[in-house]
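Encoded as structure tokens, the structure appears first; notes follow it.
The values are calculated or read from the model by the stated rules, or taken from the named source; none is laboratory data. Just so you know, these numbers come straight off a predicted model, no measurement behind them. Ideal geometry is used to build each Cβ from the backbone, glycine not excepted, and the neighbour counts take in all protein chains shown. The protein model used for the area step is the full one, side chains on, heavy atoms only, and it has no ligands, DNA or RNA in it. Shrake-Rupley method; radii C 1.70, N 1.55, O 1.52, S 1.80 Å.
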Amino acid sequence: KKLKHFRDLSSCFDIILSTMSSAETGETKQVSLTLAEFRRLVSAQVAEATTAKEEGNQHFKSNAIEGAEEKYHASISMTENILSFPAINRPDFDDLKRKAQRVHVAVLLNLAACALKEKRFEDAVEYAQDVFN
């Protein structure tokens, strides 16, 4: 009976997230979330990163490279944030981790394409190399 109770509670374990509250002061703020809340938060961030990538793609197609790069960098920032949480490595979040990684890799390659279009070859190589890191 105690084991069953423990299993029921497994979905309620708290995840402690540390987020930067200020880049200038370096202060951090800890937030406690349930696994379900973490899943919703990460799902929303993946969706937002995907939207930023798609907006960047539209800018790229219309040859607005600066606008594309701005959207791609916003997407990269979100995916890096997602992938930095230790909880994302839990087996029950593999699906979200893979989605975030796919967006991250696509955006790095898109940034490489932007750099190539602008003849910034060293930047293009760096973005492409980042895919393998």
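Its relative contact order, with pairs defined as Cα atoms under 8 Å and 6+ residues apart, puts the range 34-131 at 25 percent. Can you pick out the pairs among LYS53/LYS97; LYS97/LYS117; LYS61/LYS99 whose Cα atoms lie more than 27 Å from each other? From the list (LYS53/LYS97; LYS97/LYS117; LYS61/LYS99), the Cα-Cα distance tops 27 Å for LYS97/LYS117.
For the set LEU41, LEU96, LEU109, LEU33, the ranking by accessible area, highest first and with no ligand, DNA or RNA atoms included, is LEU109, LEU41, LEU33, LEU96 under a 1.4 Å probe. The chymotrypsin sites (Phe, Trp or Tyr not before Pro) of the range 30-126 include none that DSSP puts in a loop with a beta carbon having at most 14 other beta carbons within 10 Å. Evaluate the distance, in nm, between pseudo-label points positioned 7 Å from the Cα of GLU70 and of ALA36 along their respective Cα→Cβ axes. Taking the simple label geometry, GLU70 and ALA36 are separated by 3.9 nm.
Given a 1.4 Å probe and every protein chain left where it sits, what share in percent of the accessible area of the range 34-131 is carbon and sulfur?
The C+S portion of the solvent-accessible surface of the range 34-131 is 52 percent.
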